[in-house]
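Participant: Supplied in structure tokens, the structure appears directly below.
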Amino acid sequence: MLEPIADPNEMDLPVADAARRVGLTPQELAMALATYVRVILSGNAPYDRFNAGDQSALTADAQEGLRVFRGKANCVACHVGPTFTNQLLAQP
């Protein structure tokens, strides 16, 4: 849960600094993030509706962000599928 925080290709922030910013220990931060990820529900979010063919579900700005996400930023190299994860940790 903490690797993306410290990864220089993602958030590039020391975990201790991130934990301190939110008033937690690194272990508490990891547990909080893991709990959050386990309860994420989706299915009828604007992105889901857009992905299902409703072109009006996302604003023009959101659609541009999605183009950057899928294209220039290449976020889809790791953030793929309906849960935006390949279930692998980033490789150095």
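The values are calculated or read from the model by the stated rules, or taken from the named source; none is laboratory data. All of these numbers come straight from a predicted model, not from anything done at the bench. So basically every Cβ, Gly included, is an ideal-geometry build from the backbone, and we count neighbours across all protein chains shown.
Participant: Right, Leu2: free of Cβ contacts under 8 Å to residues at least 12 places away in the same chain and of a type in the set (A, V, I, L, M) or not? If you could, list the steps in order and put the result at the bottom.
Facilitator: On the way: free of Cβ contacts under 8 Å to residues at least 12 places away in the same chain: no; of a type in the set (A, V, I, L, M): yes.
For Leu2, the condition - free of Cβ contacts under 8 Å to residues at least 12 places away in the same chain and of a type in the set (A, V, I, L, M) - is not met.
Participant: Something else: Which one of the conditions (1) exposed (fewer than 13 other Cβ atoms within 10 Å of the Cβ); (2) modelled with pLDDT of 85 or more does Ile5 fail to meet, given that it meets all the rest?
Facilitator: It is condition (1) that Ile5 fails.
Participant: Sticking with this one: Could you list, in sequence order, the residues of segment 8-56 that are among the small types (Gly, Ala, Ser), modelled with pLDDT of 90 or more and at positive phi?
Facilitator: Selection gives Gly23, Gly53.
Participant: Looking at Ala57, Ala18, which is the one that is more than 17 Å from the chain's Cα centre (by Cα) and either touching a residue at least 12 places away in the same chain (Cβ under 8 Å) or not in a helix (DSSP H, G or I) (or both)?
Facilitator: On the way: Ala18 fails: more than 17 Å from the chain's Cα centre (by Cα).
One residue alone meets the criteria, Ala57.
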